[in-house]
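Undergrad: Quick one: the structure is below, questions incoming.
Readers should treat all values here as calculations from the given coordinates under stated rules, not as data from a laboratory. Note that the structure is a prediction, hence the values are computed from the model and not measured.
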Amino acid sequence: MTRWEPNARGRLEHAALDLFGERGFEQTTVEDIATRAGLTKRTFFRHYADKREVLFGAGAEFQQVFVDSLAGAPQSATPLEAVAISLQAGGEMLEGRRQFARRRQRVIAANAELRERELVKLASVAAALTEGLHARGVAEPAASLAAETAMAVFRVAFERWLAEGETRSLPEIARESVDALRAVAA
């Protein structure tokens with residue numbers, strides 16, 4: 001194995017997804033992933049705590065995009081408008097990674113533990129959005145309702161974005177989903 005090659009993290013992600021697709025999540029080891037990526041187990045553990053984190057390693061960055069965009073929303077924005085801005089930013093972060101996201105979602109859908117981990121990740125984003133809305137002066141229950149609704153809208157938009165044949169951007173689908181929510185609530 002070479003001592004250093006660029007993009008170890010990306011190579012580990014792609015190797016893991018390939019192996020998870022071929023063998024299944026449970027049957028794939030960290031050693032398998034590192035070997036497929038042309039790296040060592042030690043290098044794997046420099047980037048990820050365990051093999052689940054290959055699928056969820058960008059969770060903190062994902063959450064921060066939502067929080068930062070909420071903080072940057074105009075003060076005049078309603079809670080729903082503010083979280084809609086966050087949805088746009090989250091969608092923009094994922095744009096360009098649709099094929100990776102499709103493969104990742106197939107692995108998650110096939111494993112109950114991973115589905116639970118995905119829900120925990122989204123609940124964490126909702127909690128962070130709730131805190132951000134509180135910081136903007138939004139009281140309860142409006143803050144929690146807006147944050148939880150944002151995550152529900154995101155999940156619906158994300159699923160639609162992953163559908164085979166879908167070509168529209170995630171931010172576009174998220175905007176359409178927020179508009180549909182407004183129509184339902186009207």
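Undergrad: Taking a ≥ b ≥ c as the square roots of the Cα gyration tensor eigenvalues, with a/c under 1.5 meaning rounded and otherwise prolate when a/b beats b/c, else oblate, which class fits the range 70-150?
TA: Working: a/c = 3.65, a/b = 1.74, b/c = 2.10.
Oblate.
Undergrad: Helix-derived [θ] at 222 nm for the chain: sum -39500 (n - 2.57) over DSSP H runs of at least 4, divide by residue count, nearest 500? Numbers along the way, then the final one.
TA: Numbers: 10 runs with 137 residues, N = 186.
Estimated from H runs of four or more residues: -23500 deg cm²/dmol.
Undergrad: Between the range 165-186 and the range 88-109, how many Å separate their Cα centres?
TA: Answer, in whole Å: 17.
Undergrad: Now, a different point. So what's the gap between the Cα centers of the range 1-80 and the range 115-140, to the nearest angstrom?
TA: 22
Undergrad: Taking the Cα atoms only, what angle lies between the long axis of helix 112-135 and the longest principal axis of the chain, rounded to 10 degrees?
TA: Roughly 40 degrees, rounded to the nearest 10.
Undergrad: Per q in 0.13, 0.27, 0.29 Å⁻¹, report the Debye log10 I(q)/I(0) for the range 8-54, using one uniform scatterer on each alpha carbon and no solvent.
TA: Ignoring solvent entirely, the Cα scatterers give -0.20, -0.93, -1.08.
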